[in-house]
Amino acid sequence: MPDKPVLFWFRRNLRIGDNPGLAAAAQSNAPVIPFFILDEKAEAATGGASRWWLSRSLAALGKDLQYHESRLILRKGRFSEEIARLATETGAKALYFTRGYEPDIVQLENVLNSDLRDSKIDCKRFGGQLLVEPEHIANASGEPYKVFTPFYKTCLGKETIGEIASTPGKIAAPAEWPDSASLQDWALEPSRPDWASGIRKYWSPGEEAATARLASFIGEALENYAEGRDYPDVDGTSRLSPYLAFGQISPRQVWHAVKHAAHRETGLDSGAKSFIRELYWREFSTHLLYHWPSLPEKPFRPEFAQMPWKKSKKHLNAWQKGKTGYPIVDAGLRQLWAIGWMHNRVRMIAASLLTKHLLIHWREGADWFRDTLVDADLANNSASWQWVAGSGADAAPYFRIFNPVIQGEKFDPKGDYVREWVPELANLPGKHIHAPWNAPEDVCKQAGVTLGKDYPFPIIEHKRGREQALEAYEFVKAAAG
């Protein structure tokens, strides 16, 4: 009698390498049935750009599994119902999966564990998406950290990152495969209109592409990462975020590769330290979401429930379309729309303008990013937006209100980033490109720019926006007593 198979559930761990759960399933001496479920209700909050990435990622994963003499079964329906159906169809004796940290997933995993054990099916949960699990980090009082720096120092103090899990060779296949849906039938990619052409040109989802991107980053940008990551006009960041968000590379793989490179080659220490700090910011965001599941909806600092946010579809629409009149902000929003990604420094500047100058709720910005980013991640998106808005954990001081002109002049000094993404300003000289309204009329004319026609005047004057934000924050302070 053939051995009963085990099920391996792929979710946001779409890789074969350093996948502890998959490695354990492959070593179980039982046939393995890898599967992915598209739960439309659970995926309702998934944005269009992420759905495109998911489609390409599932195709890549399916090909990778074929190399290991296996295949990826696709099912559509509610998670719990489809898993139960698969278990019944295949006579599976166990379910293996990588744990998640989002509130709905945490609850689902607990229900699955109970239901499957009642059905005499083992439920085996593994880590692999974080360097340190949330239960393993606490302050002196045994409570989760609310401030990043002590969290980071504690992580470094006990920094024993496990070895990378072995990559399976051949993955034992069942005698008979269950039915699978067609990826094409799911229609995850846009068609009419096809807005993903820029994303297709810029990104290659998949585990192989993730590994190549990591190698390229270490070889070309790690040395100058500490400084270069702030300048959007140069390729100074890792651009690993979507691969990490979809689990096509693990943070442990990244950590080991960066540490090894810094040990092997002199001159990389500063960049490596700075980059690993960013990895831990990602960890911190996930820890916050795990311990405070209301993070995506409610202000982390309760007093910010009194924040007098404004509702302006006109202002929100201008911001989304990159027509605020502030070139560095508009360049970022247009880059986001074109390629599904925005440089991190510009994300902060753009978020500050929305939440502070315009006093539009951070959730509006978070929703837009969720829909348009290929690296959309609930924890990082929620924590980062709240951080900029001042309502989050370890938030920037409320009086830190970015001046978008100064930020542009400092981090895009020649204006090359703006020229790439706001082409109507391409012929303006660098000294005027971040504040075209201050350029002499003859300079604008020579550059072919008519303000108010070719490019808008600022949506709000910086001084007024800053005063408005400070008034709102003082109101919050007063309301909190």
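The values are calculated or read from the model by the stated rules, or taken from the named source; none is laboratory data. Treat the numbers as computed from the prediction; the structure is a model and nothing was measured. Positions of Cβ are backbone-derived with ideal geometry, glycine not excepted, and every protein chain shown enters the neighbour counts.
Number of residues in the range 432-452 that are within 22 Å of residue 353 (Cβ to Cβ) and not aromatic (Phe, Trp, Tyr) equals 10.
Within the range 162-179, residues that are part of a loop (DSSP other than H, G, I, E, B) sit with their Cβ atoms under 6 Å from residues that are surrounded by fewer than 17 Cβ atoms within 10 Å (Cβ to Cβ), at 6+ positions apart or across chains, in these pairs: 170/69; 175/2; 178/89.
Of everything in the range 94-123 that is part of a loop (DSSP other than H, G, I, E, B) and not aliphatic (A, V, I, L, M), the residue that is surrounded by the most Cβ atoms within 10 Å (Cβ to Cβ) is 101. Looking across the range 21-61 at every residue that is in a loop (DSSP other than H, G, I, E, B) and of a type in the set (Asp, Glu), the one that is modelled with the lowest pLDDT is identified as 40. Yes or no: residue 368 of a type in the set (Phe, Trp, Tyr), surrounded by 23 or more Cβ atoms within 10 Å (Cβ to Cβ) and either in the same structural domain as residue 319 (by TED's automatic domain parsing) or closer than 20 Å to residue 236 by Cα (or both)? No.
In summary, residue 346 fulfils each of the numbered conditions (1) touching a residue at least 40 places away in the same chain (Cβ under 8 Å); (2) touching a Lys or Arg at 6+ places or on another chain (Cβ under 9 Å); (3) of a type outside the set (D, E, K, R); (4) assigned to a helix (DSSP H, G or I) with the single exception of condition (2). Test each condition in (1) surrounded by 13 or more Cβ atoms within 10 Å (Cβ to Cβ); (2) outside any strand (DSSP E or B); (3) touching a residue at least 40 places away in the same chain (Cβ under 8 Å); (4) over 22 Å from the mean Cα position of the chain (by Cα) for residue 131 and report the one that comes out false. Unmet for residue 131, out of (1) surrounded by 13 or more Cβ atoms within 10 Å (Cβ to Cβ); (2) outside any strand (DSSP E or B); (3) touching a residue at least 40 places away in the same chain (Cβ under 8 Å); (4) over 22 Å from the mean Cα position of the chain (by Cα): (4). The set of residues in the range 66-93 that are surrounded by 19 or more Cβ atoms within 10 Å (Cβ to Cβ) and basic (Lys, Arg) contains only 75. Residue 351 satisfies every condition listed in (1) outside the structural domain of residue 218 (by TED's automatic domain parsing); (2) in contact (Cβ under 8 Å) with a residue 40 or more places away in the chain; (3) of a type outside the set (Phe, Trp, Tyr); (4) part of a helix (DSSP H, G or I) except (2).
Just a yes or no: is a residue in the range 299-319 out of contact with any strand residue (DSSP E or B) (no Cβ under 6 Å at 6 or more places or on another chain), over 23 Å from residue 382 (Cβ atoms) and assigned by TED's automatic domain parsing to the domain that holds residue 216? No; the residues of the range 299-319 include none that is out of contact with any strand residue (DSSP E or B) (no Cβ under 6 Å at 6 or more places or on another chain), over 23 Å from residue 382 (Cβ atoms) and assigned by TED's automatic domain parsing to the domain that holds residue 216.
Specify the residue that is surrounded by the fewest Cβ atoms within 10 Å (Cβ to Cβ); the eligible residues are those in the range 430-481 that are among the basic types (Lys, Arg) and within 18 Å of residue 409 (Cβ to Cβ). Don't jump to the end; show me each part of the working.
Of the residues in the range 430-481, the ones among the basic types (Lys, Arg) are 431, 445, 453, 463-464, 466, 477.
From the residues that got through so far, the ones that are within 18 Å of residue 409 (Cβ to Cβ) too are 431, 463, 466.
Working: 431: 12, 463: 9, 466: 17.
Only one residue tops the list, namely 463.
Answer yes if at least one residue in the range 211-220 is closer than 19 Å to residue 61 by Cα and assigned to a loop (DSSP other than H, G, I, E, B), and no otherwise. Checked the range 211-220: no residue is closer than 19 Å to residue 61 by Cα and assigned to a loop (DSSP other than H, G, I, E, B).
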